[in-house]
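Some notes on the structure that comes next.
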Amino acid sequence: MAILLRESDVKKLATMEMALEAVEEVFRLQGEKRTENAPRRRCRLERGLLHVMSASLPTLGLAGLKSYITIDSKTKFHILLYGGEGGQLLAMIEAELLGQLRTGAATGVATKYMARPDSSRLGIFGTGFQARSQLDAVCAVRPIKTIVAFGRNQERREKFCQEMSEMLGIRVEPASSPEQAVRDMDIVITATTSKEPVFNGEWLAQGTHISAIGCNHLSRREIDVETVRRSACVVVDSVEQSMLESGDLASAVEAEAFYWEDARELGLVVVGEFPGREDDREITLFKSNGIALEDVALAGRIYQAASKAHLGESLAL
C-alpha cells in the first residue's frame, strides 16, 4: 500500500548526510549510463506555471516524477515514487524540504570532485532557503573556515548570517558588496533569483570553484560570460536540461565564449571519466539546474527510512 509523507515526516527522516549519499550514488549511475532523466517541462496557467520532471533508476528499482505549480509566487512540491519492477505507487511525498536538500547535495557532490581539497574560504550570493542547504552541504565536504554572504536586503542578510553561524558553528559574515563575496574566495556559490549576473567574473581568483544553482530559465543568469570564459572545466547535472534552461551558459554560447560540446555531466566526473579539476590554478564551474534524478534518488532513501520507522499515512489506491 502506498504512503503519504508530509513535510513533517520528511523533516524527521531526511538529513544532509542522506542527501549527499543519495545524490552521489545517482550521479555515479548517471556516469555509468544506468539512468534516464526527462527534463523539466512547463505549462502556462493564467497566473502561473505547472512544472513536471521525471526520472528512472532501473538499478535501484525506482522511478518517479516531481510536479509543482507556481501561482502568484507560491509553490507546492510533490513527488510520486514508483517501484520499478511491479510498477506500484510507493509514496506521494511533499517535497519542499526534499528539494532543498537535494539541491544542496548536488552542489556538495560537485564541490567534492571539483574544488581544491584545501578550500576553506566560501562566498555565497543569496540568503534564502536554498542558500542554507548550499552551505550545509559544502561544509560537509570541505574544511570551510570562513563564509561571506551577500544579499540585496541588509536586514535579511544579517539575520541569515547570524542563523547560519549558529547552525554550522562557523562564523558567517555579511558582505558589504558583491566583490567582497568573490575576491580571494576558494568557492563561490550563487543561489539567487536574479535575472542579471550578480558578480564580475574578473574578480575570481585562480583556483576558485563556482557553483551556480539559482537560475533554471533561459531568460535569467546569475553569472556573466567572463566567468564561463575563464572556467577551464564546465560541468552540468544534465546537458540536455542545461540547453533548455541555462541562461548562464546560453549567453556564453551566444558570445562564442563557450560551446555546448565542451560541457560535461557530473556523472562522468564522479566515475572518473572526466576530471573535475586538473590543477590548483584552474577555475572550475558547476552549473546546476536541478534534475529529477536527484529527486527520485533522495525520495527513495526517504521512503526506505519511512518504511523502517513506520511513518506516513496509508493511501488506499
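The values are calculated or read from the model by the stated rules, or taken from the named source; none is laboratory data. Quantities reported herein were computed from a predicted structural model and do not represent experimental measurements. Here the Cβ positions follow ideal geometry from the backbone for every residue, glycine too, while neighbour counts run over all protein chains shown.
One table, with the values for the structure above:
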{"quantity": "Residue match in the range 59-70 (condition: touching a residue at least 60 places away in the same chain (Cβ under 8 Å), outside the structural domain of Ile189 (by TED's automatic domain parsing), more than 17 Å from the chain's Cα centre (by Cα) and in a helix (DSSP H, G or I))", "calculated": "yes"}
{"quantity": "Check on Glu245, under 18 Å from the mean Cα position of the chain (by Cα) and at negative phi", "calculated": "yes"}
{"quantity": "Selection status of Gly290, more than 18 Å from Glu7 (Cβ to Cβ) and in a helix (DSSP H, G or I)", "calculated": "no"}
{"quantity": "Strands (runs of 3 or more DSSP E) lying entirely in the range 172-279 (those with 1 or more residues that are more than 27 Å from Gly99 (Cβ to Cβ))", "calculated": "172-174, 231-236"}
{"quantity": "Residue list for the range 248-275, restricted to those being of a type in the set (Gly, Ala, Ser) and touching a strand residue (DSSP E or B) at 6+ places or on another chain (Cβ under 6 Å)", "calculated": "Ala263"}
{"quantity": "Breaking point among (1) farther than 30 Å from Ala95 by Cα; (2) of a type in the set (Gly, Ala, Ser); (3) in contact (Cβ under 8 Å) with a residue 24 or more places away in the chain, for Ser176", "calculated": "(3)"}
{"quantity": "Options Gly312, Gly272; residue that is of a type in the set (Gly, Ala, Ser), under 26 Å from Gln130 (Cα atoms) and at pLDDT 95 or above", "calculated": "Gly312"}
{"quantity": "Filtered residue count, the range 293-310, keeping only those that are of a type in the set (A, V, I, L, M, F, W, C) and touching a strand residue (DSSP E or B) at 6+ places or on another chain (Cβ under 7 Å)", "calculated": "6"}
{"quantity": "Residues within the range 232-262 that are touching a residue at least 12 places away in the same chain (Cβ under 8 Å) and closer than 21 Å to Phe27 by Cβ, tallied", "calculated": "19"}
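Matching residues to (1) aromatic (Phe, Trp, Tyr); (2) surrounded by fewer than 20 Cβ atoms within 10 Å (Cβ to Cβ); (3) within 23 Å of the chain's Cα centre (by Cα):
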{"position": "Phe150", "(1), (2), (3)": "yes, no, yes"}
{"position": "Arg156", "(1), (2), (3)": "no, yes, yes"}
{"position": "Met164", "(1), (2), (3)": "no, no, yes"}
{"position": "Gly169", "(1), (2), (3)": "no, yes, yes"}
{"position": "Asp184", "(1), (2), (3)": "no, yes, no"}
{"position": "Leu204", "(1), (2), (3)": "no, no, yes"}
{"position": "Ile213", "(1), (2), (3)": "no, no, yes"}
